[in-house]
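One structure is given here, and the rest of the page talks about it.
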Amino acid sequence: MKKIRIALADDHNLFRKGMASVLSQIPDFELVLEASNGQELIDKLTRRIPDVVLLDLEMPVMDGVAATEYIREHHPDIKIIMLTMHDEDRFVLHLLEKGVSGYVLKDADLDEVEKAVHRVMQDGVYLNDFVSKVMHRKMTSKATVVKQPSLYNSKVVLSEREKEILKLICEGLSTAEISEKVFLSPRTVEGHRLRILEKTATKNTAGMVAYAFKNNLV
């Protein structure tokens, strides 16, 4: 069984070492590199490419946002999970739009981190209850309801099936779960997902979800 290669970047040495220790105990994980800031992470990517990066938001030298932008441009296949103490709504959608695949708070259980890694590898995005609630607040806020972006009216036209599948993706369902719910094969569901990505001009599922909530597509 192929192991999932993990990189961990966090400037707090005690937290990073503790996290590295527990990650190494998960049978299908392989911790391939550690870094104390974004620049060190990027430098080490020249020697070893991970499947998933667990990335702190605030770090010296180069923070998580700048590191995310670099990784998305130069290593688009790497999945990024932001692992942070920041639980403010304003961070979540912004980081998803930047290309982060998941957003997990540092006080989460290890089981959630493990689940997040598996989900982003399988479906490209991990939406936990915290992120879903942030998106719901964004969607139902007065500002969001009143403002109808012209981009939606003029450029993004989704079929009813695409809208249905996009809504289920935004609810955090996996491809397999969506397949069962709408009675389509996983391959067909994936085809719809790719067409939605193309229509919304987003680079990955996480960005598509953020775009959907920001532009009232769901």
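The values are calculated or read from the model by the stated rules, or taken from the named source; none is laboratory data. All of these numbers come straight from a predicted model, not from anything done at the bench. Positions of Cβ are generated from backbone atoms using ideal geometry, with glycine treated the same way; all protein chains shown enter the neighbour counts. To get the accessible areas, we keep the full protein, side chains included, count just its heavy atoms, and leave off ligands, DNA and RNA. Shrake-Rupley method; radii C 1.70, N 1.55, O 1.52, S 1.80 Å.
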Quick check, is residue 214 exposed (fewer than 15 other Cβ atoms within 10 Å of the Cβ) and of a type in the set (Lys, Arg)?
no
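I'd like the full set of residues that are in contact (Cβ under 8 Å) with a residue 24 or more places away in the chain, surrounded by fewer than 16 Cβ atoms within 10 Å (Cβ to Cβ) and in a helix (DSSP H, G or I), limited to region 95-113.
Start the filter on region 95-113 by keeping residues that are in contact (Cβ under 8 Å) with a residue 24 or more places away in the chain, which leaves 95-106, 110, 113.
Checking which are surrounded by fewer than 16 Cβ atoms within 10 Å (Cβ to Cβ) leaves us with 105, 110.
Passing the criteria: only 110.
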Of the residues 34, 30, which is under 18 Å from residue 110 (Cβ atoms) and touching a helix residue (DSSP H, G or I) at 6+ places or on another chain (Cβ under 8 Å)?
34
Members of region 68-90 found to be in a helix (DSSP H, G or I) and open to solvent by 50 Å² or more (accessible area, probe 1.4 Å), listed by number:
69, 70, 73, 74, 89, 90
Inter-residue pairs, beta-carbon under 8 Å, first touching a residue at least 60 places away in the same chain (Cβ under 8 Å) and in region 25-52, second surrounded by fewer than 14 Cβ atoms within 10 Å (Cβ to Cβ), 6+ apart:
29/3
Which ones in region 166-191 are closer than 20 Å to residue 211 by Cβ, open to solvent by 70 Å² or more (accessible area, probe 1.4 Å) and in a helix (DSSP H, G or I)?
167
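Would you confirm, using the coordinates I've provided, whether residue 54 is modelled with pLDDT of 95 or more, buried (at least 17 other Cβ atoms within 10 Å of the Cβ), closer than 14 Å to residue 106 by Cα and within 16 Å of the chain's Cα centre (by Cα)?
In short, yes.
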Please go through region 63-108 and pick out each residue that is basic (Lys, Arg) and modelled with pLDDT of 90 or more.
72, 79, 106
Name every residue in region 114-131 that is surrounded by 14 or more Cβ atoms within 10 Å (Cβ to Cβ) and part of a helix (DSSP H, G or I), in order of residue number.
114, 115, 116, 117, 118, 119, 120, 121, 123, 130, 131
